[in-house]
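The values are calculated or read from the model by the stated rules, or taken from the named source; none is laboratory data. Remember, it's a predicted structure, so these values are computed and weren't measured experimentally. Note that we place each Cβ from the backbone using ideal geometry, even for glycine, and neighbour counts take in every protein chain shown. The protein model used for the area step is the full one, side chains on, heavy atoms only, and it has no ligands, DNA or RNA in it. Shrake-Rupley method; radii C 1.70, N 1.55, O 1.52, S 1.80 Å.
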Amino acid sequence: MARIGAFGNLVFSVSDQTVKTFDNMKWDFSAKYATHDRHIKADLLEYQGPEIETVSFGMEFSVFLGVDPWKEIKKLREMVRSGYTGRLVIGRMIYGNYKWVIQKGTVSLKYFDGNGNLLSARADVTLKEYPRR
């Protein structure tokens with residue numbers, strides 16, 4: 001099994017039995033500026049510090065890829081509801097300067113079998129940086 005990365009117990013991996021990866025990863029970072037009006041001159045910007053960074057990505061959970069969608073959805077919900085904080089690691093790279101929390105998760109329940117069992121789902125998550133106090 002090739003382990004691609006992890007956020008806590010949410011592990012991204014690929015093997016001949018399972019595919020549990022992510023896609024469309026976006027990392028947003030910005031700064032906070034105040035604008036000061038000036039008479040007969042261009043406004044003046046004042047740097048006030050960095051904004052909180054965000055990372056977002058999507059995941060496909062499918063029994064056809066060897067993954068139990070309900071198990072992964074429950075794992076994500078528990079991480080949100082408990083306020084879990086952790087490092088985001090992809091390959092050997094640790095993303096951000098601090099730990100992260102899952103601010104939001106959206107799950108699309110895609111396919112069910114004839115008995116109502118979930119076969120495939122897509123989860124999109126947004127992580128927010130959790131700086132030290």
In segment 84-112, the residues that are modelled with pLDDT of 95 or more and assigned to a loop (DSSP other than H, G, I, E, B) | 84, 85
Segment 5-24, residues that are in contact (Cβ under 8 Å) with a residue 40 or more places away in the chain and under 22 Å from residue 98 (Cβ atoms) = 5, 6, 7, 8, 9, 10, 12
Is it fair to say residue 90 is among the aliphatic types (A, V, I, L, M), open to solvent by 60 Å² or more (accessible area, probe 1.4 Å) and within 15 Å of residue 127 (Cβ to Cβ)?
-> no
Please find, within segment 8-45, the residue that is farthest from residue 66 (Cα to Cα) out of those that are surrounded by 11 or more Cβ atoms within 10 Å (Cβ to Cβ) and in contact with a helix residue (DSSP H, G or I) (Cβ under 8 Å, 6 or more places away or on another chain).
-> 8
All positions within segment 46-60 that are open to solvent by 70 Å² or more (accessible area, probe 1.4 Å), farther than 15 Å from residue 96 by Cβ and not charged (D, E, K, R) | 47, 48
